[in-house]
There are 2 protein chains.
Amino acid sequence: MEEAKDSVGAVLPQHAHFTAPLALAGGSTLPAFDLVYETYGELNAARSNAVLVCHALSGNHHVAGHYAGQPRSGGWWDNLVGPGKPLDTRKFFVVGVNNLGGCHGSTGPMTVDPASGRPWGADFPVVVVEDWVAAQARLADRLGIDAWAAVIGGSLGGMQALQWALEFPQRVRHALVIASAPKLTAQNIAFNEVARQAILTDPDFHGGHYYTHGVVPARGLRLARMIGHITYLSDDKMAEKFGRRLRQGVLQFGYGIDFEIESYLRHQGDRFAGHFDANTYLIATKALDYFDPARDHGGNLVAALARARAKFLVVSFTTDWRFAPERSREIVYGLLHNGRDVSYAEIDCSGGHDSFLLDDPHYHAVMRAYFEGIAT
Amino acid sequence: MEEAKDSVGAVLPQHAHFTAPLALAGGSTLPAFDLVYETYGELNAARSNAVLVCHALSGNHHVAGHYAGQPRSGGWWDNLVGPGKPLDTRKFFVVGVNNLGGCHGSTGPMTVDPASGRPWGADFPVVVVEDWVAAQARLADRLGIDAWAAVIGGSLGGMQALQWALEFPQRVRHALVIASAPKLTAQNIAFNEVARQAILTDPDFHGGHYYTHGVVPARGLRLARMIGHITYLSDDKMAEKFGRRLRQGVLQFGYGIDFEIESYLRHQGDRFAGHFDANTYLIATKALDYFDPARDHGGNLVAALARARAKFLVVSFTTDWRFAPERSREIVYGLLHNGRDVSYAEIDCSGGHDSFLLDDPHYHAVMRAYFEGIAT
């Protein structure tokens, strides 16, 4: 395979084992844990060029590049991260990490619980954004990174970037919060709840211990992903991409596939159910629902953001109805009220919430300019 | 029980049996069928004061009043229909009918298929808006109604009102199309498809013949209704009604109920799954998806609407994102291009799609004024 010259190329995941117990927000303690991560670029001598990329609901540590011999294994943000790309690996040392509770190698529901000798399953504690950031901080310690040049993430990843700036104000110079929100609305929670109910009521869920039954709650996970996909795309994008186009030219008068959009959703659902873990999905939706830094400040976001010291780039997308621009503006206003240095870009892009994963030229130009301005 | 003086009072459903075969849009023929219906008010001597009320996805013939001895059995549009109400039963003879494929008494999946001797189940043909209107026309014949003073409906019911005006232009003097659309968008279809997949993949669905297995696909129907409810309410209404209010004051760090919105959705889902038929739900979502009067006119809505002769009232609600005001305006423009007499009201109401069922004062004032202007 010929390597694109702006790709980080073949990459290898690495593992870090942590033996100091981690007290979780929910009250329980993980006695030890593993994180799987990848790095791209070189950490400079001053250790001042490290960028942490936080993943969203279904993401993982594989941000850029590909796995040797697997040409279709491109990282989920490969269009953003690489030599010469907006997050340029010739300048930055980029770290991607699979979060706690994940299903791609970090300690999570699929990991064997040392106390029981079987996979944790749904007994894995519900971990939240604060827990993820705490675990990521352990990884930063391990890598010898006192302060990140930047922490960046989209959607749920953006919440982690924001939380980093609040929890470790001295360890984040720049926080990039993309297509995110300071907390979910009732409607957001409602969509997550339907997804969870689809999984929890799947007869193959077995109380979260489906691993030992040799099945997976594929029906539920498939429905969860289908619902998710509707909210990732804008109404306009769906109209443009599928409209009312019929699969076979005529109506079928049955419950097979009539419209192309049906085929797309089923395909996305099937594919996801074949490789993602349902317990991880449950955890990640709870982390989304629970995130609310203003909760401990009587709902006052301005007060909650007062601790931040980082410079911020906040980006939203006009057609994102899952995390609408208004939600990003709440973060911007909250930071400005605290006298923080904030850049805000509202990108006119038809891609809906998923825009943050696209390489829209205006969006990437903003990202490139911002990263170019970060001193290392 | 003391009767409210603006209630139609205790009502009784009536049955009509039709023996002439009905050719359906999908190609099959119903050899005979029943319709269950209710009437309120008196048909005048000229038979010129009849109003047909068409129901939406989960509605039925019980539009107004209550059943004797069941004080909580109020009709679904009882706030609109009654003596002194906007659709005044002192002036009009109002007819509500359960559509073909329904689960409240009209011929549908729960009816015994004479050919097999068992309930039709999912073998009941997919019926569409055109079929419903054709069946309703048979009922009009039976009742001796040559022309309706008005045909009215909200959402899927509005599509029937529109179809009446197109299919029987001489039999409809006024068509009231509320919170509706000339066809669904890809996003609308996507939501319906997830709901259908929830039902179709429920292990208790048994290919639609769950009646003979002594079960119902309650999990799937429950999820379908939860998804539906999210789209019936506006984001704002959900924020106002539930926000992020916690059921027990603190986060549970588990998969029970944290937020009030979760409790509401589960309750709505459970209640619906306990009384509605899943096969009927499948049919009704297909009827929604398939409705597109412009299809036979190369997608040209103006051409499709040219046949209408009725006067129209089109009403939309600002916060309805399922059938947004833009979709109603498409109908209005299409009618105006044909020189039709159209009134249009865009009501500022926070209730989302469900607004059409509420008694918002501006909305009801518009309805009252319009009905007052109809000569009988």
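Read-outs throughout are calculated quantities, based only on the coordinates presented, and are distinct from any laboratory measurement. Remember, it's a predicted structure, so these values are computed and weren't measured experimentally. Heads up, the Cβs are rebuilt from the backbone with ideal geometry, glycines too, and the neighbour counts pull from every protein chain shown.
Dipole check for the protein assembly as shown: with +1 at the C-beta of Lys and Arg, -1 at the C-beta of Asp and Glu, and the Cα centre as origin, the magnitude is about 180 Debye.
Using every alpha carbon pair in chain A, what percent of pairs falls into each 10 Å bin from 0 up to the bin containing the largest distance? In whole percents, the pair-distance histogram is 5, 23, 34, 27, 10, 2, 0.
The stretch A:1-116 gives an Rg/Rh value of 1.03, both radii derived from C-alpha positions and Rh following Kirkwood. Going from the fewest other Cβ atoms within 10 Å to the most, the residues A:THR185, A:THR29, B:THR318 appear in the order A:THR29, B:THR318, A:THR185.
Counting only Cα atoms, the size of the stretch A:99-170 along its three principal axes is 40, 27, 19 Å, in decreasing order. Amide H to amide H distances under 5 Å link B:PHE259 with B:ARG247, where only residues 5 or more positions off or on other chains count and H is placed in the peptide plane.
Of the beta bridges in chain B, as assigned by DSSP with both residues counted there, near 35 percent are antiparallel. Here the convex hull built on the C-alpha positions of the stretch B:64-118 has a volume of 116 cubic angstrom per residue. DSSP beta bridges fully contained in the protein assembly as shown are about 35 percent antiparallel. Size check on the stretch B:253-304: the Cα extents along the three principal axes, sorted descending, read 55, 24, 14 Å. Kirkwood analysis of the stretch A:293-376, using all unique Cα-Cα pairs, places the hydrodynamic radius at 13.8 Å. Charge tally around A:LEU200: other residues with Cβ under 13 Å, Lys/Arg +1 each, Asp/Glu -1 each, net +2. Each residue of the stretch B:116-127 is assigned a 3J(HN,Hα), and the resulting list reads 10, x, 10, x, 3, x, 6, 7, 4, x, 5, 9 Hz, derived from the Karplus form 6.51 cos²θ - 1.76 cosθ + 1.60 (θ = phi - 60°), x at Gly and Pro. Computed from Cα atoms alone, the Kirkwood hydrodynamic radius reported for the protein assembly as shown is 28.0 Å. Each listed q (0.18 Å⁻¹) maps to a log10 I(q)/I(0) for the stretch A:182-268, found by the Debye formula over equal Cα scatterers with no solvent: -0.91. From its DSSP helices (H runs of at least four residues, each -39,500 (n - 2.57)), chain B gives a residue-normalised ellipticity at 222 nm of -10000 deg cm²/dmol. With only Cα atoms counted, the stretch B:294-340 has Rg and Dmax values of 11.4, 31 Å. A Förster radius of 41 Å combined with the Cβ-Cβ distance from B:VAL112 to A:VAL112 puts the calculated FRET efficiency at roughly 0.15. With a Förster radius of 56 Å applied to the beta-carbon distance between B:HIS213 and B:ASP348, the computed FRET efficiency rounds to 0.70.
Each residue of the stretch A:38-48 is assigned a 3J(HN,Hα), and the resulting list reads 10, 10, 9, x, 10, 6, 6, 4, 7, 6, 10 Hz, derived from the Karplus form 6.51 cos²θ - 1.76 cosθ + 1.60 (θ = phi - 60°), x at Gly and Pro. Using a Gaussian network model of chain B in which every pair of alpha carbons under 10 angstrom is joined by a spring, one finds that among B:HIS364, B:HIS66, B:HIS267 the greatest mean-square fluctuation is at B:HIS267.
Could you work out the mean projected area of the convex hull around the alpha carbons of the stretch A:121-219, in square nanometres to one decimal?
Details: hull surface 32.3 nm².
Seen from a random direction, the Cα hull of the stretch A:121-219 projects 8.1 nm² on average.
Taken as Cα centroids, the stretch B:266-315 and the stretch A:56-105 sit 45 Å apart, rounded to the nearest whole angstrom.
For B:HIS174, nonlocal amide neighbours, meaning residues 5 or more places apart or on other chains whose placed amide H falls under 5 Å from its own, are B:ALA150, B:VAL151, B:LYS311. Ascending distances from the B:GLY84 label point to its copies in the other chains, with the point 7 Å along the Cα-to-beta-carbon line: 8.0 nm. Computed on the Cα trace of the stretch A:191-347, the radius of gyration divided by the Kirkwood hydrodynamic radius gives Rg/Rh = 1.09. Residue pairs exceeding 20 angstrom between C-alpha atoms, taken from B:LYS5/B:LYS241; A:LYS237/B:LYS183; B:LYS286/B:LYS311; B:LYS5/B:LYS91; A:LYS5/A:LYS91; A:LYS237/B:LYS237: B:LYS5/B:LYS241; B:LYS286/B:LYS311; A:LYS237/B:LYS237.
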